[in-house]
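Worksheet: the structure to be examined is printed underneath.
Throughout, read-outs are computed from the coordinates displayed, never taken from laboratory work. Since the model is a prediction, treat every value here as computed from it, not as a measurement. Here the Cβ positions follow ideal geometry from the backbone for every residue, glycine too, while neighbour counts run over all protein chains shown.
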Amino acid sequence: MLGAILGDIIGSPYEFSRNNIKTTEFPLFCSASRCTDDTVMTLAVAEGLMNCGSDEAAVKEELVAAMQKYGKMYPRVGYGLKFSLWLGSRNPKPYGSYGNGSAMRVSSVAWLYDDPETVERFAQYSAEVTHNHPEGIKGAQATAAAIFMARTGESHEAIKRSIEKRYGYDLSRTPDMIRPYYDHVESCQETVPEAIIAFLHSSGFEDAIRIAVSLGGDSDTVAAITGSIAEGAYGVPEDLKQEALSRLDAPLLVIYRRFAEKVLGRNDCLSSAPSRDGPSMEDMSPDASCPMPFDCLETELSTAEEATSDASLFDEDFELPALLSKAVDEVKVSEFIWKDKEGFPYRVRIEAPYCILEPITEPNAKHGKKPCKILKFSPRKAPD
């Protein structure tokens, strides 16, 4: 799992189109490097799988329990709106997503099971609790399959042929072909192939991560997927391993130690990694990483539709910026900064059919308390 965690950390400063860096020459770590939802959910899935047997219902029950547990423990690491609602639900149901979240969190599956059929089956289970769209399932299965093949010694070419044949992804492109046009997208079908291609054109672990980040797009998730495959093929250099572990706090380190002991048969995973004390992970939650604060949700909400009746969450009279009068793409995520009449800045994130307006800075006495606003509208139509 360290490959996914490192990809997440290294790619995090370059997420979103405005931050994309189209070169392999960049510092691996900087002040903006952080763990995001990719890391938290990767570890949560690992715990859920280690707590269960083979029965599908029991597996999914443990996965949901672990994902909700750590989602609530680490609420401000960049979850999407629908996933945040799922995390807070008392009766969580899959919501038809084909987002790349199913692929970025699946890496432990390829290490916990020892044959390709079982890996594919448990990858499906791990996706279906939220991402039950066929593309969401396929993205998780293809990622897990590539990791499994890499860790069992298959060549780059064999991995390429197998993934293309079984999952239908086009892996014929090169990183140089992808970079000029690749923008921020969050679907499996526009993330997983690019991440696998980054691995296929790499010569080592760090090289794979650098290529993945250089593509652009949803950089932390692309790099997390690439890194998870690269770990299977190349291993993780010791210095990078310790860097990753030093950025996890105690609850997350416990999951990794248990995983390492179970899968890798060793007890040295915390040998020189400093341990953090609590679950706050303040350096995991900078302002830019949280499109919708989890604490503005009511925990009993099970679906976005139920939330629409809550006046504290949805304010239909809230003044919308002029940019929202444009047609909204149903798939792509748009994000920009806007100021209200008082001059207070909001980060506006459009995740159809919702618009999230998140206060950027701590409000001062003049402005008073500024809540996070969530508005619902019809995709590809101007909001009312």
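At a glance:
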{"read-out": "Segment 95-189 - convex hull of the alpha-carbon atoms, volume per residue in Å³", "value": "94"}
{"read-out": "Label point distance in nm, Ser54-Arg166, each placed 7 Å from Cα along Cα→Cβ", "value": "1.8"}
{"read-out": "Point-to-point label distance, Ala250-Arg173, nm (Cα→Cβ direction, 7 Å offset)", "value": "4.6"}
{"read-out": "Relative exposure of Asp37, Asp114, Asp249, judged by other C-beta atoms within 10 Å (fewest first)", "value": "Asp114, Asp249, Asp37"}
{"read-out": "Order of Cys35, Cys188 - criterion: other Cβ atoms within 10 Å of each residue's Cβ, fewest first", "value": "Cys35, Cys188"}
{"read-out": "Computed label-point distance, nm, for sites Gln189 and Ser31 using a 7 Å Cα→Cβ extension", "value": "4.2"}
{"read-out": "Residues of segment 44-67 with amide N under 20 Å of a point placed 7 Å along Cα→Cβ from Leu264", "value": "44-51"}
{"read-out": "Karplus (6.51, -1.76, 1.60) ³J(HN,Hα), θ = phi - 60°, over segment 148-159, in Hz, Gly and Pro reported as x", "value": "4, 5, 5, 6, 9, x, 5, 6, 4, 5, 5, 4"}
{"read-out": "Vicinal HN-Hα couplings computed from phi for segment 88-104 (Karplus, 6.51 cos²θ - 1.76 cosθ + 1.60; Hz; Gly/Pro x)", "value": "x, 7, 7, 9, x, 10, x, 10, x, 7, 10, x, 6, x, 5, 7, 6"}
{"read-out": "Amide proton proximity set for Ser187, modelled H, under 5 Å, gap of 5+", "value": "Asn100"}
{"read-out": "Placed amide H near Cys52: partners under 5 Å, 5+ positions off or other chain", "value": "none"}
{"read-out": "FRET efficiency for Arg18 and Lys93, using Cβ-Cβ distance with R0 set to 45 Å, rounded to 0.05", "value": "0.85"}
